[in-house]
Amino acid sequence: MRNELTIACGAGLLLGACGGETVERPPPPPVDWRSFEVRGVPDAGARGPTARERAVGEAYTAALGAPGFAPLGPQLDDDVHFAFPGLEDAHGREAVMRSHDALFGSFDSRRVAMTRAWRTDSAQCVEWTMTGLQTRSWMGVIASQKPVTFKGLTLLWTRDDGAITDVHVYFDVALVKAQLGVGPKELLALPAPPVPSGAPQTYEQAGTAGEKAGVDVVAASLDALEKNSEGVFVDARTDDFEAYTLERAVPAHGKDEARAYFKAMHKAIGQLDTTIDNAWGVGQFAVVEYSIAGEQLGPIGWLPAQRDKVVRLHVVDVNELHDGRIARTWRYDNPAELLPPAAR
């Protein structure tokens, strides 16, 4: 596994995939190695997110629901960078605002609720659920006037003053299209996720050895996936392991399903390679942004086999660890990035 840490989602039962024919992302922000230092008992001078940074997650999700995303512009740094799997990257405040409009602006009456957030002193992972009504053309789908409800996740890099310098958005375009009646037939019967209620859960990095150890466990698991070390991959998970993915109504459960995923990935992708781009340990969680790449040899979920095609899928896994093993994974990706640009 190439580990390109610079500061962590899956197609149905195949809890991952890969993507080609997309513009390569520029190098992500540099690794914040302070995130992995053992700080011991925090004192009054310990680093952590500022008050303005702590407010960023809820302010960002509120801006997603605002008409024209008006509150978002002032939150963005002049040189902000934006990435979404399957779209070209954007740079600068105006371009990033246009990218958000392309992803979300066709849905009126938007309501966005932050469900969970994981914070470090320079970055945070924000999980959210959006509801809306499609009133304009979106991703090749004409205005349907149909409601949608979908989950997503955004990685945000921040400065101490709360300015956002980098934005990586993840959600499943094919699932949203299925709710509009035009997605893959395998997804049409999936129920929409529930609309959350109550206050979001928030977690903050403490700088402990256990947080770094959690990241190491997840990194070793991805390395085992690349090296075709099935036993190592499966043993990194608890007996009651659960994997929550956007294209399954119920989670995958237990080591047998983890083993089935491992085998399916290697059957579908030749010369499989994993590359970690960003990783954070936050309490009992390890958030890892990574990619899976290789030559597609067979179907990946609803995606047909495409022989002699090198593919790459960008993924974020939120992993909860118990006693040094992965107990639960929540995965966010956009498998449609594997399709030719005209078909996305």
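Some notes on this structure:
- 222 nm mean residue ellipticity, helices alone, for the chain (DSSP H n ≥ 4; -39,500 (n - 2.57); rounded to 500): -6500 deg cm²/dmol
- For region 150-224, applying the loop criterion from DSSP together with a ceiling of 14 other beta carbons within 10 Å to the trypsin sites (Lys or Arg not before Pro) yields R159.
- Taken over the chain, lysine pairs spaced eight or more positions apart, or on distinct chains, with alpha carbons under 19 Å apart number 10.
- For region 237-318, the list of trypsin sites (Lys or Arg not before Pro) that fall in a loop by DSSP and count at most 13 other C-beta atoms within 10 angstrom reads R307.
- For region 327-332, 3J(HN,Hα) computed residue by residue from phi via the Karplus equation (6.51, -1.76, 1.60; θ = phi - 60°) reads 9, 9, 10, 10, 10, 10 Hz, glycine and proline entered as x.
- Extension gain from A342 to K263, taking 0.36 nm per residue of separation minus the Cα-Cα distance: 25.4 nm
- Point-to-point label distance, K146-S229, nm (Cα→Cβ direction, 7 Å offset): 4.5 nm
- Here the calculated FRET efficiency for R325 and S197, from their Cβ-Cβ distance with R0 = 35 Å, stands at 0.65, rounded to the nearest 0.05.
- Region 243-314, Rg to Rh (Cα coordinates; Rh as Kirkwood inverse mean 1/r): 1.00
- Pairwise centroid distance, computed over Cα atoms, of region 222-264 with region 138-163, Å: 28 Å
Here, each number is a calculation from the coordinates, and none is a lab measurement. What you see is a predicted model, and the numbers here were worked out from it, not measured in a lab. Positions of Cβ are backbone-derived with ideal geometry, glycine not excepted, and every protein chain shown enters the neighbour counts.
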